[in-house]
């Protein structure tokens, strides 16, 4: 477990890493990175699934800002959480698990995340 | 990771929400990097101060923490904000920006952090000893502390450094451990290094090549503290170098064995090419020196160079406020001002919104500034040694 908590919701899956600083608008929760496979889509209240974070350490504050603005994902599921995302989800209090085989998850799947037990199930 | 009874209590929330969350952050980072336990730190340097870099999300986070009564447990100093905190109006910093920046400073102050507002804490009284464990952010200060002093810190981000300040500890991994301080690559330098900018160019070039490694330099005959400060800053900006060794100069070099390492050769040609690459403009709108923040010695040298001269373009020498105050008492600031220059306190070229202040082409002698100005501040860069730069702007 990276950050504790439980959440249910619809998966939105990115095969590419996500850089939150300059990558997602903290006011809307919409992916704004040019050419990113999720560009134009909102991650608000979704279970956001991606391999790992990338980019500036200010990304941690963007994750925190999304939560404050009510546009954060309900939970984050990673293959391997690096420090920028780990810092962000802990500051924001967003449930987050890693070490998950994310290839099996598809956008639109209904997921139940129990970060306290480090499990991701199908709802 | 092993946790003490008290640390278990913090994690269970018995010491309040703020400590629980910040300690959890340290535990998770420790888990990710395989730390065995927490270790006490002697001091903390917190980065992520400029409104330009952390924006509203950062400001809200800091105000939330300060509002909940967060207080630092160890001596903690602060990185530069995006403006001179006293003379911002006169220097032309935007009003809306200043308002937000002052709120950020207030939040840090409430948490008990010293308002040093400099990237060179080691020049203004936060000076660790050899071997001391510290938790610093600000990549140039991390490099200086590890390499020139032999203190021990990882490259912390703003939040993880703040967490260390509030909890008084940091996870024991990375550069806190002997085995990770060994050199990963040898760099043979066959070039004359005279000016700070020569060290900046070498640092920029090597940082790009080695990225995250610990380079071991051979062939550097001499360097003063200001040159090493510029050198490490450039390497940490173009790459992510947090520790370097220089044979015969830095304190841990003699403990290291450079045999059997991959060797990179750097000569005059590579340095010349690096300077050409960093130069993206010709005629500067402004000259900004002091990246990292200028020492008293550097200000004195510049003041003497400017004696009896007249500048045609703005010139800023960025430094810490306490250094500026000393330089004022000693008459150097007046000397600079008589020539038409300014000694700007607290901020620097990289974190201030100079692109909103009418500047498009900035001349610098810093490899770090040359690395960041095109992206962060939309500037064309004129990179050169201080004599070349002054020649361009003196009447």
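The values are calculated or read from the model by the stated rules, or taken from the named source; none is laboratory data. Keep in mind that what you see is a predicted model, and the values were worked out from it rather than measured. All Cβ positions, glycine included, derive from the backbone under ideal geometry; neighbour counts span all protein chains shown.
Mind checking which residues of region A:31-50 are surrounded by fewer than 21 Cβ atoms within 10 Å (Cβ to Cβ) and over 20 Å from residue B:58 (Cβ atoms)? Across region A:31-50, the qualifying residues are A:34, A:35, A:36, A:37, A:39, A:40, A:41, A:42, A:44, A:45.
Counting the residues of region A:68-79 that are over 16 Å from residue A:41 (Cβ atoms) and either more than 9 Å from chain B (Cβ to nearest Cβ) or modelled with pLDDT under 90 (or both) gives 5.
If you go through region B:1-37 and pick out every residue that is in a loop (DSSP other than H, G, I, E, B) and farther than 18 Å from residue B:69 by Cβ, you end up with 10. Inspect region B:306-321 for any residue being more than 26 Å from residue B:279 (Cα to Cα), under 15 Å from the mean Cα position of the chain (by Cα) and touching a residue at least 60 places away in the same chain (Cβ under 8 Å) and give the result as yes or no. Checked region B:306-321: at least one residue is more than 26 Å from residue B:279 (Cα to Cα), under 15 Å from the mean Cα position of the chain (by Cα) and touching a residue at least 60 places away in the same chain (Cβ under 8 Å).
Rundown of residues vs (1) outside any loop (DSSP other than H, G, I, E, B); (2) outside the structural domain of residue B:86 (by TED's automatic domain parsing); (3) touching a strand residue (DSSP E or B) at 6+ places or on another chain (Cβ under 6 Å); (4) surrounded by fewer than 24 Cβ atoms within 10 Å (Cβ to Cβ), yes/no style:
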| residue | (1), (2), (3), (4) |
| --- | --- |
| B:325 | yes, yes, no, yes |
| B:328 | yes, yes, no, yes |
| B:333 | yes, yes, yes, yes |
| B:337 | yes, yes, no, yes |
| B:343 | yes, yes, yes, no |
| B:352 | no, yes, no, no |
| B:359 | no, yes, yes, yes |
| B:362 | yes, yes, yes, no |
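Here residue B:215 does not qualify as closer than 26 Å to residue B:387 by Cβ and surrounded by 19 or more Cβ atoms within 10 Å (Cβ to Cβ).
Just one of the listed residues (A:112, A:76, A:100, A:90) is in contact with a helix residue (DSSP H, G or I) (Cβ under 7 Å, 6 or more places away or on another chain), surrounded by 15 or more Cβ atoms within 10 Å (Cβ to Cβ) and over 16 Å from residue B:58 (Cα atoms), and it is A:76.
Answer with yes or no whether residue B:10 is touching a residue at least 24 places away in the same chain (Cβ under 8 Å) and away from chain A (no Cβ under 11 Å). Yes: the conditions hold for residue B:10. Whether any residue in region B:13-25 is closer than 14 Å to residue B:135 by Cβ and away from every other protein chain (no Cβ under 12 Å) is what I want to check. No, region B:13-25 contains no residue that is closer than 14 Å to residue B:135 by Cβ and away from every other protein chain (no Cβ under 12 Å). Pull up region B:90-104, narrow it to residues that are in a helix (DSSP H, G or I) and in contact (Cβ under 8 Å) with a residue 40 or more places away in the chain, then point me to the one that is farthest from residue B:165 (Cα to Cα). Result: B:91. Can you spot a residue in region B:225-246 that is under 28 Å from residue B:355 (Cα atoms), out of contact with any helix residue (DSSP H, G or I) (no Cβ under 7 Å at 6 or more places or on another chain) and not assigned by TED's automatic domain parsing to the domain that holds residue B:355? Yes. Flag set for residue B:13, criterion: more than 21 Å from the chain's Cα centre (by Cα), surrounded by fewer than 15 Cβ atoms within 10 Å (Cβ to Cβ) and within 26 Å of residue A:68 (Cβ to Cβ). Entry remark, region B:134-150: residues being under 15 Å from residue B:177 (Cα atoms) and surrounded by fewer than 24 Cβ atoms within 10 Å (Cβ to Cβ) number 1 in total. Out of the residues in region A:80-112 meeting the condition of being closer than 23 Å to residue B:23 by Cα and part of a strand (DSSP E or B), tell me which one is nearest to the other protein chains (Cβ to nearest Cβ). In this case the residue turns out to be A:96. Taken over region B:150-188, the residue count meeting the criterion of being under 22 Å from the mean Cα position of the chain (by Cα), away from every other protein chain (no Cβ under 14 Å), more than 16 Å from residue B:210 (Cβ to Cβ) and assigned to a helix (DSSP H, G or I) is 2. Residues in region B:30-68 that are closer than 16 Å to residue B:19 by Cβ and surrounded by fewer than 17 Cβ atoms within 10 Å (Cβ to Cβ) were compared, and the one that is farthest from the other protein chains (Cβ to nearest Cβ) is B:40.
The residues in region A:1-22 that are outside any strand (DSSP E or B) and more than 13 Å from chain B (Cβ to nearest Cβ) can be counted, and the count is 5. Residues satisfying the criterion are present in region A:23-30 (criterion: within 14 Å of chain B (Cβ to nearest Cβ) and in a strand (DSSP E or B)).
Checking every residue in region A:55-65 against the condition of being away from chain B (no Cβ under 11 Å), at pLDDT 95 or above, surrounded by fewer than 22 Cβ atoms within 10 Å (Cβ to Cβ) and outside any strand (DSSP E or B) gives zero matches. Would a scan of region A:36-49 turn up a residue that is within 14 Å of another protein chain (Cβ to nearest Cβ) and either over 15 Å from residue A:72 (Cβ atoms) or outside any loop (DSSP other than H, G, I, E, B) (or both)? Within region A:36-49 (the criterion being within 14 Å of another protein chain (Cβ to nearest Cβ) and either over 15 Å from residue A:72 (Cβ atoms) or outside any loop (DSSP other than H, G, I, E, B) (or both)), the answer is no, since none of the residues qualifies.
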